[in-house]
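Engineer: Please see the structure below; I have some questions.
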Amino acid sequence: MNNHLSKGTLNFIDKMEKLSKKDHPKWFEIFKHCFTNTLETTVKILPDQTTYILTGDIPAMWLRDSVAQVRPYLVYAKEDDEIKRLILGLIQRQMDFIIKDPYANAFNETANKNGHQTDVTAMRPDVWERKYEIDSLCYPLQLAYLFYLNTGEITPFDQRFIDAVLAVLEVWECETNHTHSTYRFERKEASRASDTLSNHGFGPDFAVTGMTWSGFRPSDDATHYPYLIPSEQFAVVVLGYLEDIFSEIKPDEALSVRIHLLKSKIQAGIDQFGLIKNAAGEVIYAYEVDGLGHFSLMDDANIPNLISSPYLGYCKKDDVRYLKTRKTLLSQENPYYYEGKYLSGIGSSHTPENYVWPIALAMQGMTSQSKLEQEKILDVLSNTDAGTFSMHEGIDVDHPEHFTREWFSWANMMFCELMMEYYDLRIKINKD
């Protein structure tokens with residue numbers, strides 16, 4: 001990997017040092033390590049000038065992770081041509097991947113046949129894994145729009161972007177009734193049931209709801225019920241971005257109408273099927289539903305999750321229904337909420353019981369209305385890094401020296417983004 005520590009990056013680190021080092025020296029040391037580590041160890045500029053970004057200790061690029069890995073750099077990208085070019089190159093690489101296979105979640109740098117080539121699905125040699133997740137398509141489209149909002153440039157909205165958008169719309173429209181889809185997925189050697197889809201790769205039963213089907217969660221674990229509400233919310237947000245692009249920036253009336261219709265159908269599905277009651281009888285968002293009356297009251301650490309709704313731009317931090325949902329999920333009603341001697345927060349079915357994820361804690365902080373809560377979370381994360389100055393996937397709530405994934409760039413950058421939020425250095429996510 002090449003070193004991409006641009007002048008703008010070094011200036012931004014200096015800015016963060018001035019803000020934090022006196023009162024929070026450990027915060028700054030972790031920030032500096034995480035912020036530079038992504039650029040120093042995961043970024044590769046390919047011969048075609050597109051950008052390939054490793055997730056960390058797995059030699060592949062996830063569409064979701066790669067967006068989160070560069071998102072904090074958007075804050076100063078307008079003034080930094082090197083960072084701007086790096087992010088634009090990532091957007092272009094992501095659009096190329098989506099066009100090749102909109103059902104894949106992770107890709108190889110070349111057609112080297114790495115990854116899960118024995119999975120029973122339409123694998124390609126340049127695909128690492130083909131677990132279909134709505135958010136894998138949301139994130140790159142979101143990044144293209146956020147690039148425009150934060151730099152003022154419309155460069156990402158070229159023909160390959162349009163081709164990728166058309167591929168995404170085709171998938172999302174098709175998956176409003178998964179019965180019509182050709183997508184199937186089975187992992188014959190799966191060590192965990194969540195690594196494969198039931199019903200011979202078709203997935204669990206469902207009713208048509210207006211929402212769009214998802215085979216897997218952002219954790220890469222199979223959905224229990226195939227309408228994943230936080231991902232549906234993310235799709236609504238991204239379709240709103242696309243409406244703006246094809247109404248104002250690259251006017252296309254027919255495409256704009258098509259996008260609006262799909263967005264409205266998904267939102268109507270959320271309103272009709274995605275609301276449940278907690279133990280106190282309050283109306284909150286479900287995590288997953290099937291349209292047949294079954295639902296999951298829970299939240300998972302991976303983003304998008306229900307806690308992340310304001311971060312995604314779906315609602316405001318003070319939205320009443322969101323606050324009721326948030327309170328429920330940060331309690332024992334959520335089966336993946338864990339409390340221990342050193343940490344309390346949301347974990348995942350993807351990692352052992354009583355392991356809280358730094359990603360989830362960072363998101364809890366970024367969606368909080370309280371600086372005090374943000375400060376407490378930054379302290380917890382700084383005190384449970386096991387002396388590595390890095391964030392991990394999951395951490396044992398009673399033994400922080402026990403963790404999963406020593407090198408996990410997404411988690412590193414979520415810490416950075418939370419610290420930036422604390423100091424009011426925010427990425428612009430809408431025109432307001």
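The values are calculated or read from the model by the stated rules, or taken from the named source; none is laboratory data. On a predicted model such as this, the values are computed, not experimentally measured, just so you know. Using ideal geometry, Cβ is built from the backbone for each residue, glycine included, and neighbour counts are taken over all protein chains shown. Surface accessibility is based on the protein's heavy atoms, side chains included, excluding ligands, DNA and RNA. Shrake-Rupley method; radii C 1.70, N 1.55, O 1.52, S 1.80 Å.
Engineer: Regarding Lys376, is this residue out of contact with any Phe, Trp or Tyr (no Cβ under 7 Å at 6 or more places or on another chain), outside any helix (DSSP H, G or I), open to solvent by 50 Å² or more (accessible area, probe 1.4 Å) and without any contact (Cβ under 8 Å) to a residue 40 or more places away in the chain?
Structural biologist: Judged against the criteria, Lys376 is not a match.
Engineer: Related question: Does Asp300 satisfy being over 16 Å from Tyr336 (Cα atoms), surrounded by 18 or more Cβ atoms within 10 Å (Cβ to Cβ), touching a His at 6+ places or on another chain (Cβ under 9 Å) and among the acidic types (Asp, Glu)?
Structural biologist: no
Engineer: Please state which of the following conditions Phe403 fails to meet, knowing it meets all the rest: (1) of a type in the set (A, V, I, L, M, F, W, C); (2) touching a Lys or Arg at 6+ places or on another chain (Cβ under 9 Å); (3) open to solvent by 50 Å² or more (accessible area, probe 1.4 Å).
Structural biologist: Among (1) of a type in the set (A, V, I, L, M, F, W, C); (2) touching a Lys or Arg at 6+ places or on another chain (Cβ under 9 Å); (3) open to solvent by 50 Å² or more (accessible area, probe 1.4 Å), Phe403 violates only (2).
Engineer: Being among the hydroxyl-bearing types (Ser, Thr, Tyr) and open to solvent by 10 Å² or more (accessible area, probe 1.4 Å) is the filter here; which residues of the range 303-337 pass it?
Structural biologist: Tyr311, Tyr314, Ser331, Tyr336, Tyr337
Engineer: Here's a follow-up. Scan the range 158-181 and tell me whether some residue there is closer than 26 Å to Ala268 by Cβ and part of a loop (DSSP other than H, G, I, E, B).
Structural biologist: Yes, the range 158-181 contains a residue that is closer than 26 Å to Ala268 by Cβ and part of a loop (DSSP other than H, G, I, E, B).
Engineer: Would you pick out the residues in the range 169-200 that are among the aliphatic types (A, V, I, L, M), surrounded by 17 or more Cβ atoms within 10 Å (Cβ to Cβ) and farther than 25 Å from Ile87 by Cα?
Structural biologist: Within the range 169-200, Val171, Leu197 meet the criteria.
Engineer: When residues of the range 341-381 are filtered for being more than 20 Å from the chain's Cα centre (by Cα) and of a type in the set (Ser, Thr, Tyr), how many remain?
Structural biologist: Result for the range 341-381: 3.
Engineer: List the number of the failed condition for Tyr132; all other conditions in (1) part of a helix (DSSP H, G or I); (2) within 16 Å of the chain's Cα centre (by Cα) hold.
Structural biologist: (1)
Engineer: Might you check whether a residue that is part of a helix (DSSP H, G or I) and of a type in the set (Lys, Arg) occurs anywhere in the range 115-127?
Structural biologist: No, the range 115-127 contains no residue that is part of a helix (DSSP H, G or I) and of a type in the set (Lys, Arg).
Engineer: Checking the structure you have, find out if any residue of the range 338-348 is out of contact with any Pro (no Cβ under 8 Å at 6 or more places or on another chain), open to solvent by less than 10 Å² (accessible area, probe 1.4 Å), under 23 Å from Ser20 (Cα atoms) and of a type outside the set (D, E, K, R).
Structural biologist: no
Engineer: Let me ask something else. What residue, of Ala386, Ala411, is of a type in the set (A, V, I, L, M) and open to solvent by 30 Å² or more (accessible area, probe 1.4 Å)?
Structural biologist: Ala386
Engineer: Filter the range 314-349 for residues that are hydrophobic (A, V, I, L, M, F, W, C), part of a loop (DSSP other than H, G, I, E, B) and more than 25 Å from Val397 (Cβ to Cβ) and give the result.
Structural biologist: Residue satisfying the conditions is Cys315 alone.
Engineer: Need the failing condition index for Glu175 against (1) without any contact (Cβ under 8 Å) to a residue 60 or more places away in the chain; (2) within 30 Å of Thr351 (Cα to Cα); (3) in contact with a Cys (Cβ under 9 Å, 6 or more places away or on another chain), just the number.
Structural biologist: All conditions pass for Glu175, except number (3).
Engineer: Counting only residues that are modelled with pLDDT of 95 or more and small (Gly, Ala, Ser), give me the helices (runs of 4 or more DSSP H) lying completely in the range 192-276 with at least 3 of them.
Structural biologist: It comes to 229-244, 253-273.
Engineer: Keeping to the range 1-57, report how many residues are without any contact (Cβ under 8 Å) to a residue 60 or more places away in the chain, over 25 Å from Leu90 (Cα atoms) and aliphatic (A, V, I, L, M).
Structural biologist: Qualifying residue count for the region: 0.
Engineer: How many of the residues in the range 109-168 are farther than 18 Å from Phe185 by Cα, surrounded by fewer than 16 Cβ atoms within 10 Å (Cβ to Cβ) and among the small types (Gly, Ala, Ser)?
Structural biologist: Within the range 109-168, residues that are farther than 18 Å from Phe185 by Cα, surrounded by fewer than 16 Cβ atoms within 10 Å (Cβ to Cβ) and among the small types (Gly, Ala, Ser) number 2.
Engineer: Just one of (1) in contact with a Lys or Arg (Cβ under 7 Å, 6 or more places away or on another chain); (2) farther than 18 Å from Ala167 by Cα; (3) open to solvent by 10 Å² or more (accessible area, probe 1.4 Å) trips up Gly293, so point out which.
Structural biologist: Only one criterion in (1) in contact with a Lys or Arg (Cβ under 7 Å, 6 or more places away or on another chain); (2) farther than 18 Å from Ala167 by Cα; (3) open to solvent by 10 Å² or more (accessible area, probe 1.4 Å) is unmet by Gly293, namely (1).
Engineer: For the range 172-194, which residues satisfy the criterion of being over 15 Å from Arg130 (Cβ atoms) and small (Gly, Ala, Ser)?
Structural biologist: Those that are over 15 Å from Arg130 (Cβ atoms) and small (Gly, Ala, Ser): Ser191, Ala193, Ser194.
Engineer: Only one of Leu143, Leu149 is assigned to a helix (DSSP H, G or I), out of contact with any Gly (no Cβ under 7 Å at 6 or more places or on another chain) and within 23 Å of Ser219 (Cα to Cα); which?
Structural biologist: Every option except Leu143 fails the conditions.
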